[in-house]
Each structure stands twice: as structure tokens, then as C-alpha cells.
Amino acid sequence: MHSPRGGKYRALWALGTALGNPQSCASIAKVMRAIDLIERKRDGGELSSQEIRWLVQGFVNGTIPDYQMSAFLMAVYFRGMTEQETVALTQAMAESGEKIDLSRIGGVKVDKHSTGGVGDTVTLALVPVVASAGLVMAKLSGRALGHTGGTIDKFEAIPGVRTELSLEEIRSQAARVGAVIADHTADVVPADRLIYELRDVTGTVPSLPLIAASVLSKKLAGGADAIVLDVKCGDGAFMREWAEAERLATTLVRVGNRLGKKFSALITAMDEPLGRMAGNALEVRQAVEVLQGRGPADLTEVTLALGAELLVLAGEAPAPAAARACLIRLVESGRAWEKFRELVAAQGGDLRAVDNPELLPQASTAVEILSPASGYVQGLAARNIGLAAGLLGAGREVKGQAVDPGAGVELLAKVGYEVRRGQPLARLHTNRKERIPEAERLIAAAFHIGPDRPEPRPLILGRVA
Ligand code: URA
């Protein structure tokens, strides 16, 4: 017997359906069968918005079992979805739980989503930078996934920081501070959490309409007016090839705009990690450097480019160049840094640890990896660096495991650097000494050293607006 999932959402759905739909939930259920919808999708047919809504609703309330939803997801994986179906799936998922209502807060509400990378600590810097420009950013974020880090694990590396905020806490901090970084709550878009759990174990994660609906449903429920998407492309990204990344960015922006919000997307390079750190407290240090105007060029550039998109989307700047100049002034004047301190304090963080990053958690052991040859770093595989950081303790191996905030990889050389044989390329930080040989192997394999200086590669690969 299949058990219902979450009575609270069953009640919400029943109400939503009764209000928004001339047919009652019960009468729809009489005429629809999951098997018919699965077969139609399997055979390449199209589902109506009402059918998709019924399916998502049934899955969330427990009347459609995991095995039928899994079969449906696999049919979508192979057959895809039309744009209209993707819009309907996104809406149905966004409506599966509560929404963050920021409508009574003054100022333009903005949001950002990255498809995930290594060393991608942009959110920690971007939220205070755009908030110091007068925008309101209440960002719901996730934890480390696979070889990629998660903003919530990073933010929690600051002692005292609390990220599990209630919807009311999110709203009131957004109104007071203009900046929030909170863990995805179980109440917002429960359909995404439930569907993602199935996708994760049924080989259906890399499906363009499923990724689009997952990302966009969370952004719709997040209450922002304007949203920028950072679609990562390259070795350390979900989308390794340009064509795939471009297709995802285009779908996200088209579907997002059809849903009545302003969206734009940047496609950014993720062949080598962003910045010099992969690991939670290590990346906080890096975000602090960006906010104080002394961060690594690539991380600073992606932060400014995404921030500039938001200022333009929000109507606060006429063009990205002017927006960028404004953001640089906010960093140089110290206002972005002050906003970060305000954000950390509002969430209970110990300001001494951000003012003196040496007080952030540190691992007990640090080991350097030396260059096997002299030459130029021609490539630095981001995925291996992310995997090594996870292995050293920065990520999880089983659901719910605590991450080690001090663990990770510090890169001492990046693509384009000239190195000598025996020079340190990276420093490993860990409390798990037994993991060091495997991490060393991954990092040694990540560095490609050759005689020629590589051509500089662009960081911002494309823009879809
Ligand atoms: N990020 C998400 O939020 N959902 C996906 O399906 C993939 C990446």
C-alpha cells in the first residue's frame, strides 16, 4: 500500500485545485489514470497542463506511487517535453507548497541560481553586494551535491550562522537587512524535493525539462521579480558541452519569462575551479576577499557580471557596464563588506570570524602537492578538485552527514601559471589523514603541465536574455 506524502500539502492542493479549477480534484481523478499519461509520454505524445498538474499533485499527496512517477520521469527523459509542458510542470511544482511572499517589502526583489560548480562561492559575495545597491535578495540555497559545493554548507562554516529560517524570519530579515541566505525549507516546493529524490536514483537527473522545472519552480516560489541564472559549462559543471549549456540557458530564460518573471542567464566557464579554494571555510575566506576588493580575478568577475545583470533587470542601471561600475564603487567604499557583516550578524554569525578569517574552522593537517615538472599549467580539471575536496571532508558521502568546515583544497597554481618542478601546486586541508593519498592522486591527475603558455580563455561564455 502506498503511503501519502505530507498531509499538509494534500490539504493545500485540494484547496488550490478547488479554487483554480472548475472541476473538482475528485472528478479529475475519476477520469485520469497515471498509466495513460505515462504511456502517452512514452509514445511521444503531449500532456495538457491539467494532466501534468494532476500528476504532480497526485505524487505529492501520495495517490500516485513512486514507481509510476519514476516511469513518467524516464519517459520524459527519453521523449522530452514541449515548452508548454515545461511551463505547466514548473507551475505545478511551484504551487505544491508555500511561497515566500515578499510583495510588501519595498525595492526590487532579486534572486540568483547557479547550476553548480567547484569553488563557486559567488552567492556569499553577490547577496551582500546587490543588497548594498538597494536590491532585496532573499536567497534559498542548497548543500553540497556530488563534486559541487553548496552555499549553505559554506555559510554555516562561519561559527554561529543559522540557515534554517522560518518563512516569517526570511521575510522579516529581507525587509530589515535586504539580504538573506537560507536553507531550502521543506515547506517551499516540496514537489521538487520529492521528484529530485526519485531522479537521483532513477538516472533521470540530466533531463533538460526536468532540470528547468526544478530550477524555475524554486525561483517562482522564492518571491523575486528578477532572476539571474549562472549556467556553468565545462569539466566541473553539470553541462559539460557548450551546446547543452546553451540549450539549458535558453530554455530556462524562455520558460521563466513566460511565467511572468524577468530572467536572464550567463553561461560561465567551469573548466577549472573558480578562485583558489574548494571547501567550506576556505571559500568563506575567498568571499571575504572579493567583498574587500582583493579577491581572485575570476571569482570577482563572475560576481560582478551576475550582479550587473541583476541591476539591469531590476531597472537600476541602463546597461551592464554602468551596473558593474556601480558595484565596484560599492565594494571599494566598503558598503558591500558592511552589508555582509550585517547579514552574518542577522543570522547569528560570529563577526570576529569574518573580521579575522584565521578564526574560521581549520583542519588539523595541511599537505602540499608538488609539481612533477616545470612548464605552464595548461589545464586544471575542476571535477577532480571538487571530488578531492569532498573526499577530504568538505562534502558528504551519505545523506545527512555533517561536513567538515575546515577541509578542502587550496590551489597555489591555476591555468596559465608558470611552475617549476617541486613547486607546490595545491595544499590539502583535512582531519582525515587516511584520505590524503586518494586526494593526492585526484589532484595530480587534475593538473596538466606542458611547455607552452596556454591562450587565456573567456570566463563569460555567453548571455541569454
Ligand atoms: N539544480 C536544480 O536545482 N535542479 C536540478 O534538477 C539540477 C540542478
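The values are calculated or read from the model by the stated rules, or taken from the named source; none is laboratory data. Quantities reported herein were computed from a predicted structural model and do not represent experimental measurements. Neighbour counts are summed over all protein chains in view; Cβ atoms, including those assigned to glycine, are modelled from backbone coordinates with ideal geometry.
Tallying residues that are near the ligand (Cβ under 8 Å from one of its atoms) and in contact (Cβ under 8 Å) with a residue 40 or more places away in the chain within region 193-206 yields 1. Can you tell me which residue within region 153-171, out of those that are among the β-branched types (Val, Ile, Thr) and surrounded by fewer than 24 Cβ atoms within 10 Å (Cβ to Cβ), is farthest from the ligand (Cβ to nearest atom)? Per the criteria, the residue is 161.
The numbered conditions (1) in a loop (DSSP other than H, G, I, E, B); (2) assigned by TED's automatic domain parsing to the domain that holds residue 299 are all true for residue 104 except (2).
A quick yes/no check of all residues on (1) on the phi > 0 side of the Ramachandran plot; (2) small (Gly, Ala, Ser); (3) more than 16 Å from the ligand (Cβ to nearest atom):
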| site | (1), (2), (3) |
| --- | --- |
| 89 | no, no, no |
| 94 | no, yes, no |
| 105 | no, no, yes |
| 120 | no, no, no |
| 136 | no, no, yes |
| 139 | no, no, no |
| 146 | yes, yes, no |
| 151 | no, no, no |
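Assessment of region 206-218 against the conditions (crowded, with 21+ Cβ neighbours inside 10 Å, touching a Ser or Thr at 6+ places or on another chain (Cβ under 6 Å) and polar (S, T, N, Q)) yields at least one matching residue.
Looking at 70, 96, just one residue is outside any helix (DSSP H, G or I), modelled with pLDDT of 95 or more and outside the structural domain of residue 256 (by TED's automatic domain parsing), and that residue is 96. For region 315-338, state whether one or more residues are under 23 Å from residue 148 (Cα atoms) and part of a helix (DSSP H, G or I). No, region 315-338 contains no residue that is under 23 Å from residue 148 (Cα atoms) and part of a helix (DSSP H, G or I).
Each row is one residue, and each column tells you yes or no for (1) out of contact with any strand residue (DSSP E or B) (no Cβ under 7 Å at 6 or more places or on another chain); (2) at positive phi; (3) without any contact (Cβ under 8 Å) to a residue 24 or more places away in the chain.
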residue	(1), (2), (3)
292	yes, no, no
297	yes, no, yes
302	no, no, no
307	yes, no, no
313	no, no, no
317	yes, no, yes
321	yes, no, yes
326	yes, no, no
331	yes, no, no
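Of the residues in region 318-332, at least one is within 28 Å of residue 169 (Cα to Cα), in contact with a helix residue (DSSP H, G or I) (Cβ under 6 Å, 6 or more places away or on another chain), of a type outside the set (Val, Ile, Thr) and modelled with pLDDT of 95 or more.
If the condition is being acidic (Asp, Glu) and in a loop (DSSP other than H, G, I, E, B), then region 377-425 contributes 397, 404.
Of the residues making up region 173-192, just one is free of Cβ contacts under 8 Å to residues at least 60 places away in the same chain and within 13 Å of the ligand (Cβ to nearest atom), namely 184. Among the conditions (1) in contact with a Gly (Cβ under 6 Å, 6 or more places away or on another chain); (2) in a strand (DSSP E or B), the only one that residue 268 does not satisfy is (1).
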